[in-house]
Amino acid sequence: MSTPTRNRRKHGGTAVKIVVTGPFSAGKTTLIRTISEITVLSTEKDITDHTRSRKAETTVAMDFGRITIDRDLVLYLFGTPGQDRFDFMWEILGEGMLGYILLVDADRPDSLEEAVGILAAFRRMARVPFVVALNRAAGLDPAEESRVRTALELGEEVPVVPCDATDRESVKSVLLALLYSVVDQLDAAAPDSMPARA
Ligand SMILES: Nc1nc2c(ncn2[C@@H]2O[C@H](COP(=O)(O)OP(=O)(O)OP(=O)(O)O)[C@@H](O)[C@H]2O)c(=O)[nH]1
Ligand SMILES: [Mg+2]
């Protein structure tokens, strides 16, 4: 099982790794492109099999983006491929992550089913905080949230949030939900050492 690494950077501050995973075509590459301050390094290749009817290109190795929160904290974002033939990349990309976003396409019922296996693999790989983000979800009613929680067997501590991967503010709120979860976990581990959340 990997443990989160927080690397000191050359000019001070801390760099942390966040992984964006989820089923084929959930919007992982889009989410990282929406929020990254650098041009995202993507490994998109033409799709040649039957899924070509859904989109022309798919991620075959990873997406890589970066966000500077402030001079003390930089997030590196790694997106996984969605097609399960590239699932060997999950472990490589998950190494040392602080937490992850499981992105599900709320418009496609298959997406939640596919997410079950991905989440099981990530949970085996690392016990780090994660959030479930429902892409293309206009909102999130309690019945929908409960359906997602049941399908993915989520504990109360796991946030489920709606998301529009094309919208910067929406992506920011997903990342904040993840960072708050990380703080909550640290807080639970060492209650007296963390500042209270505003
Ligand atoms: N309208 C809308 N379209 C989206 C959104 N997110 C992604 N898309 C579109 O959905 C398609 C798939 O998005 P990608 O970002 O390639 O999805 P992915 O999860 O990286 O896909 P794979 O790497 O192939 O698994 C693209 O055509 C996007 O433009 C969204 O929030 N709203
Ligand atoms: Mg992609």
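Points to keep in mind about this one:
- Selection status of residue 143, among the hydrophobic types (A, V, I, L, M, F, W, C), touching a Leu at 6+ places or on another chain (Cβ under 6 Å) and in a helix (DSSP H, G or I): no
- Top-ranked residue in region 11-68 [being farther than 25 Å from residue 134 by Cβ and hydroxyl-bearing (Ser, Thr, Tyr); ranked as farthest from ligand 2 (Cβ to nearest atom)]: 14
- Summed over region 11-30, the residues that are more than 11 Å from residue 101 (Cβ to Cβ) and either within 16 Å of ligand 1 (Cβ to nearest atom) or modelled with pLDDT under 95 (or both) give a count of 11.
- Candidate set: region 69-87, residues that are more than 16 Å from ligand 2 (Cβ to nearest atom) and not basic (Lys, Arg); chosen: the one farthest from residue 28 (Cα to Cα): 72
- Figure legend. Inter-residue proximity from region 55-77: first residues in a loop (DSSP other than H, G, I, E, B), second residues of a type in the set (S, T, N, Q) and surrounded by 17 or more Cβ atoms within 10 Å (Cβ to Cβ), beta-carbon distance below 6 Å, spacing 6+ or different chains. Indicated pairs: 55/25.
- Filter pass, residue 155 being exposed (fewer than 15 other Cβ atoms within 10 Å of the Cβ), in contact with a strand residue (DSSP E or B) (Cβ under 8 Å, 6 or more places away or on another chain) and not in a helix (DSSP H, G or I): no
- Filter result (crowded, with 18+ Cβ neighbours inside 10 Å and touching a Ser or Thr at 6+ places or on another chain (Cβ under 6 Å)) within region 43-61: 47, 59
The values are calculated or read from the model by the stated rules, or taken from the named source; none is laboratory data. As the structure is a computational prediction, the values presented were derived from the model and not from experiment. Glycine gets a Cβ as well: all are built from the backbone with ideal geometry, and neighbour counts include every protein chain shown.
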